[in-house]
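Notes follow the structure.
The values are calculated or read from the model by the stated rules, or taken from the named source; none is laboratory data. No experiment lies behind these values; they were computed from the predicted model shown. All Cβ positions, even for glycine, are placed from backbone atoms using ideal geometry, and neighbour counts span all protein chains on display. Just so you know, the surface numbers come from the protein's heavy atoms only, side chains and all, with ligands and any DNA or RNA stripped out. Shrake-Rupley method; radii C 1.70, N 1.55, O 1.52, S 1.80 Å.
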Amino acid sequence: MSDAGVEGPVQLPTTALSGLPLALVLTNPAFEDNPIVFANAAFARLTGYTIEATIGRNCRFLQGPATEPERVAEIRQAIAAGQDISIEITNHRADGTPFLNRLTVTPILDEGRVAYFLGTQSAGDIEIAEGRVAAVRMQLAEIQHRVKNHLAMIVSMIRMQARGADAHDDFVVLARRVEALQLLYQELSETGVSSTFRDEVPLGAYVSRIAAAVGHLDGGQGIRVNVIAEEVIVDAGTAGRVGLLVSEILTNAFRHAFVGRDSGLVETRVQRLSGVVRIQVSDDGVGLPEGSDWPTSGNLGSRIVTALLAGLEAKHAVTTSAAGTTVTIDIPGPESPAIA
């Protein structure tokens, strides 16, 4: 792990957050004075404080002579109430220079209680046009919304992972799943299939990237990966769930479908049909064990697939034989504002 962190009540895997260009910290209200327990490299670059000098301290160390007391009071009130807040406040870097901090603080809930506060920061000029402030606020709100949603998915996966018997192997697998979320952030940047400040994601291109990444990580040398994808635009939240879902199904195929075989084919399709978007993953492997009702029962991967299907309000079907397995997912389509 390149960024530092300390233990808290829920162990958030920070791999997916470390490389984000957005400056962020996690604080833990279970400890006295709600200290920072994780900070990424972007936060260190923004503030001038090393990560080591940040961990264990309350965020107030960024305050200085130019900090507005009324803004500080608003932030404290929101944290005490466990509420979201987006605000602009003058903070100070490690060398004492002031900067306009466009700050968003969001509580991360675990079983109804606040387990962490997520703070995202972005610097601006002290003198800034009011119209630009409004635009930046909208952009920050969109980023905060995405980060919050995907952290919630990580927390959910951790809770399910904790039920496993082999903690070491479980968390190796969990790290792979968090990589799927990290890929989503990469694809939402200007170097990916979408844009940092757009909520529209081309699902076919995104699923193609997911399939290529999972194939590289888990596929054997003789296993071919094929993707046939129509153009379908979805929002970032839907894309995140679909990406994780496809990642789980593909990983399951690569690990279990070709036991005893040196070659095979895994094919993923994205299609727009009447009223639905269909995601289909098929392989020409050995098929599921006789009597299997995957994903109704099974390991962590099965539970994650079931939860993601519910979140997408999707219907699914699994057909299997000695000639292979096909998983078909139908997601509510054009009538839903999430899919265009």
> So what's the gap between the Cα centers of region 223-246 and region 21-72, to the nearest angstrom?
Replying inline: 36
> Considering only protein heavy atoms, what per residue accessible area in square angstrom results for region 219-340 with a 1.4 angstrom probe?
Replying inline: 47
>> Within region 200-290, what whole-number % of the accessible surface is contributed by carbon and sulfur, with the 1.4 Å probe and all protein chains included in the calculation?
In response: 45
>> In whole Å, what are the extents of region 237-321 along the principal axes defined by its C-alpha atoms, from largest to smallest?
In response: 38, 25, 21
> Can you list the residues, at least 5 places off or on another chain, whose amide H is less than 5 Å from the amide H of L265, using H built in the peptide plane?
Replying inline: R224, D284
> What does the charge count near N91 come to, summing +1 for each Lys or Arg and -1 for each Asp or Glu among other residues with Cβ under 12 Å from its Cβ?
Replying inline: +2
